[in-house]
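Here is the structure we will look at, set down as structure tokens.
All of the numbers you see were taken from the coordinates with simple rules; none came from a lab. What you see is a predicted model, and the numbers here were worked out from it, not measured in a lab. All Cβ positions, glycine included, derive from the backbone under ideal geometry; neighbour counts span all protein chains shown.
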Amino acid sequence: MLSELSEIYKQNLPHPFLKWAGGKSRLIQQYSTYLPSFKNYYEPFLGGGAVFFYLHARQLTKTVLTDINEELITTYLCVRDHVDDLISLLKDHECQHSKDYYYRIRGTTESSELKKAARLIYLNKTCFNGLYRENSKGEFNVPMGRYKKPNICDPHSLHLASMALKSAEIKVRSFEEVLNYASNKEDFVYFDPPYYPVSATSNFTSYSRYNFDENQQNKLRDVFVELAERGVKVMLSNSDTLFIRNLYKDFNIHTISAGRAINSNAKRRGKVNELLIKSY
């Protein structure tokens, strides 16, 4: 993984500026085989944006990136529109980082958009495994990670991301609203929702106060079906479970070998199968 990231830096290609649970940076090469031809790209569960950054080199007519997480979208907008001011704030966080400082910032509610964005990136770079999780009140509640020297401010990565995002529409939206945008065979929609749990102990279905439960998985399948019926090219990632296989049994299902990085028991981290589902 480190060698792959080094190569990306050498090529000056944009890449995710956030660590993200379930992020697709390590799976891009497997996904590339299954990507269709298209002109317009829509990603309703933006997260770390690895697929978007990979597709940036294509000459796309339109790109719409959305997520229900307001602070995440605020951060993307600040990276796109105010990257130098954001870098300045991140340098301040980097200089002051300590255990006490982390928990003070975690408990702080910022007022300005830029400070909110800098706070999210700072916490993302210093919290446990880059995990984004909110309690029922919408408060970030992940403990600090054990990093000797976290890379809090990376101006090079942020500038590359900012340039890539210049042509994208970035909005706070629920996934259903992609139906208002994508309508024909020139459109490609990639869904990367919170995964359906593979067991009772892996039941992490939400990184925000809004749960993504079985009912939401069914609603997502209905949106997938409607888009497919319009001729839109749709691709979706999810866990390799009987529930998901049955939900999408009428579509093309491919098995992807992925790495599980987030588990309190290090022995349970490692390779696990995921599903990549296509309408085309």
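So the values come out like this:
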item	result
Two-site FRET efficiency, SER257 against SER88, from Cβ-Cβ distance with R₀ of 45 Å, rounded to 0.05	0.65
Partners for LYS219 among aspartates and glutamates (Cα-Cα distance below 13 Å; same-chain residues under 8 apart left out)	GLU176, GLU177
Nonlocal amide H pairs with PHE191, under 5 Å, H built at 1.01 Å	MET235, LEU236, SER237
Angle in degrees between helix 155-165 and the longest Cα principal axis of the chain, rounded to the nearest 10	30
Net dipole in debye of segment 78-159 [+1 Lys, Arg Cβ; -1 Asp, Glu Cβ; about Cα centre; nearest 20]	440
Value of relative contact order over segment 27-171, rounded to a whole percent, pairs C-alpha under 8 Å and six or more apart	29
Under 14 Å, Cβ to Cβ, from ASN252 - net charge with Lys/Arg +1 and Asp/Glu -1	+3
GNM top mover of ASN12, ASN124, ASN180 - the chain, alpha-carbon springs below 10 Å	ASN180
Nearest 10 degrees, 0 to 90: helix 70-81 Cα axis against the chain principal axis	80
Among (i) 154; (ii) 132; (iii) 198, the entry derived from the coordinates for volume of the Cα convex hull per residue in Å³	(ii)
Computed over the chain: relative contact order in percent, which uses C-alpha pairs under 8 Å that are six or more apart	20
Debye, to nearest 20: dipole size of the chain, +1 on Lys, Arg Cβ, -1 on Asp, Glu Cβ	920
Built amide H within the under 5 Å cut-off of HIS15, gap 5+	ALA161
Segment 78-159 shape via C-alpha gyration tensor axes, a/c threshold 1.5	oblate
Tilt relative to the chain, helix 214-230 - C-alpha long axis, 0 to 90 degrees, to 10	60
Under 17 Å from the Cα of LYS115 - lysines, other chains or at least 8 residues apart	LYS91, LYS125
Loop-resident sites, segment 132-201, for GluC sites (Glu not before Pro), counting at most 14 other Cβ within 10 Å (DSSP)	GLU139
Nearest-0.05 FRET efficiency for GLU226 and THR61, computed from C-beta distance (R0 30 Å)	0.85
At most 13 other Cβ within 10 Å, DSSP loop - trypsin sites (Lys or Arg not before Pro), segment 226-258	LYS249
Trypsin sites (Lys or Arg not before Pro) restricted to DSSP loop in segment 73-175 with at most 14 other C-beta within 10 Å	LYS137, ARG146, LYS148, LYS166
Amide H contacts of TYR132 (H built 1.01 Å from N, under 5 Å, at least 5 apart or other chain)	ALA21
